[in-house]
Amino acid sequence: MSQYGFCDRLSQAIARGIQKAGAAVQLVDLRATDPQELSALVGEASAVVVPTWPVAPDAELQASIGTLLAALKPKQWVGCYDAFGGDDEPIDSVAGQLRGLGQKSAFDPCASARPRSPATTSAARRPAPTWASCSPRPKRSPP
């Protein structure tokens, strides 16, 4: 959801932090990624970091979220952060859903003071979430 709330900026900041820790990172836009590719990327990742998604995602985004959740491996490391989109699923709900699938928490859910911006209240801005996958594998170059 690269343009949803502050998702893109937050995803890039989290990815930089993960890279500084020595892990390879790949950012993926759920709307722009084919379901088979998304499933393969999640399956190969050592960890997956996701933003909160809209409470009422459209059918395409809901399908991508379902693909992402179905592709998670048992005990795979996951983390989530607040995208500050204005109409997000509560971060505790997303984190609880991931824990309910048996995932290990890579870090506590990241939620801080909501940034002050018109973007946080704009219902028109609803692209797909961006997520970062951390993997010891080398970074893939785009096709």
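How big is the range 7-73 on each of its three principal axes, counting only the C-alpha atoms and giving the largest first in Å?
Computed over the Cα atoms, the extents are 36, 24, 18 Å.
Which value in nm describes the separation of the simple spin-label points at ASP108 and SER46, placed 7 Å from the Cα toward the beta carbon?
The answer from the label model is 2.4 nm.
What is the order of TRP77, TRP53, fewest Cβ neighbours within 10 Å to most?
TRP77, TRP53
Which trypsin sites (Lys or Arg not before Pro) in the range 1-79 pass both tests, a DSSP loop state and at most 12 other beta-carbon atoms within 10 Å? Could the numbers behind the result be given before it?
On the way: sites: ARG9, ARG16, LYS20, ARG31, LYS75; in loops: ARG31, LYS75.
Listed in order of number, the matching sites are LYS75.
Read-outs: derived from the displayed coordinates by stated rules, not from any lab. From a predicted model like this one, the values you see are computed outputs, not experimental measurements. Don't worry about glycine lacking a Cβ; one is built from the backbone with ideal geometry, like all the others, and counts go over all protein chains shown.
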